[in-house]
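Enquirer: Supplied in structure tokens, the structure appears directly below.
The values are calculated or read from the model by the stated rules, or taken from the named source; none is laboratory data. As the structure is a prediction and not an experimental result, all values here were calculated from the model. Glycine gets a Cβ as well: all are built from the backbone with ideal geometry, and neighbour counts include every protein chain shown. The accessibility values were calculated without ligands, DNA or RNA, using every heavy atom of the protein model including side chains. Shrake-Rupley method; radii C 1.70, N 1.55, O 1.52, S 1.80 Å.
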Amino acid sequence: MKLPIFVCLACLAANVATAQAPGAVLSSEGNWDLRKLDAGHDGGTCVLTPKTPSRVQVTRGRITVTGLPRNSIFNYQYRIDDGPASTPIFPSEGMQTEGAIRIEGDAARDIVKGRRLRIRILDRWHEAISEDIDLSGLGTLYERLDETCR
């Protein structure tokens, strides 16, 4: 039983590096980079990524956690700064198929204004995947997103 868990964790760690660098860095602020996406990439023309290894990517109006096991996400919670954790959220079928979590709307706007984001994801075996991200610089780069990337 221990070997499959180790193999699964190794695969997840490999996905972090893949999700981290989608294109050339255009600008940096604090812990974040504004990157130009390669041609043919879904979504907008740019993405914000932490400088530290992370699955988190930010585009206009959306926070995405990528590189998760497909069809295996049980639920997730997030916490902004020292506020309370969100109630557990069950991902949509599309998120399950994609192996990603998307946070949009008011929650995404609050995250961009925050100082720290913590995300806890439970897979269907109730193993936790956690992200703890320094948000310093994200708000400043987010404001530049539209003017830099059209």
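Enquirer: Output the Kirkwood hydrodynamic radius of the range 29-150, Cα pairs only, in Å rounded to one decimal.
Expert: Computed over Cα pairs of the range 29-150, the Kirkwood hydrodynamic radius comes out at 14.8 Å.
Enquirer: Probe 1.4 Å, all protein chains in place: accessible area of Tyr76 in Å², nearest 10?
Expert: Roughly 10 Å² of Tyr76 is accessible to a 1.4 Å probe.
Enquirer: Using the charge dipole of the range 82-150 (Lys, Arg: +1 at Cβ; Asp, Glu: -1 at Cβ; taken about the Cα centre), state which of Leu141, Phe90, Ile101 has its Cα farthest towards the positive end.
Expert: Sorting the options by dipole projection puts first Leu141.
Enquirer: Also: Averaged per residue, what accessible surface does the range 51-150 expose to a 1.4 Å probe, in Å²?
Expert: Details: 5420 Å² over 100 residues.
Result: 54 Å² of accessible area for each residue.
Enquirer: On to the next question. I'd like the FRET efficiency for Thr148 and Arg116, computed as 1/(1 + (r/R0)^6) with the beta carbon distance as r and R0 of 25 Å, rounded to 0.05.
Expert: Rounded to the nearest 0.05, the efficiency is 0.50.
Enquirer: Quickly work out the Arg70-to-Asp106 label distance, labels modelled 7 Å from Cα along the C-beta direction, and quote it in nm with one decimal.
Expert: Taking the simple label geometry, Asp106 and Arg70 are separated by 3.5 nm.
Enquirer: Here's something else I'd like to know. Once all Cα-Cα distances of the range 92-150 are split into 10 Å bins that start at 0, what whole-number percent is in each one?
Expert: With a bin width of 10 Å, the distribution comes to 18, 41, 32, 9, 1.
Enquirer: Something else about it: Can you list residues from other chains, or at least 5 along the same chain, whose modelled amide H is less than 5 Å from the amide H of Ser72?
Expert: Amide H neighbours of Ser72, under 5 Å, 5+ apart: none.
Enquirer: A follow-up question, please. Evaluate E = 1/(1 + (r/R0)^6) for Thr52 and Asp81, where r is the Cβ-Cβ distance and R0 equals 30 Å; express this FRET efficiency to the nearest 0.05.
Expert: 0.95
Enquirer: While we're here: Multiply the residue separation of Thr140 and Asn31 by 0.36 nm, subtract the distance between their alpha-carbon atoms, and state the gained length in nm to one decimal.
Expert: Details: separation 109, 0.36 × 109 = 39.24 nm, distance 1.10 nm.
That pair, Thr140 and Asn31, stretches by 38.1 nm at full extension.
Enquirer: Keeping all protein chains in position, work out how much accessible area Leu26 exposes to a 1.4 Å probe, and write it in Å² to the nearest 10.
Expert: Ignoring ligands and nucleic acids, Leu26 comes out at about 90 Å².
Enquirer: Run the accessible area of the range 85-150 with a 1.4 Å probe and give the carbon-and-sulfur part as a rounded percent.
Expert: That fraction is 46 percent.
Enquirer: Here is a follow-up. Taking the Cα centre of the range 77-150 as origin, work out the dipole magnitude from +1 charges on Lys and Arg Cβ and -1 charges on Asp and Glu Cβ, in debye rounded to 20.
Expert: Dipole magnitude for the range 77-150 comes out near 100 debye.
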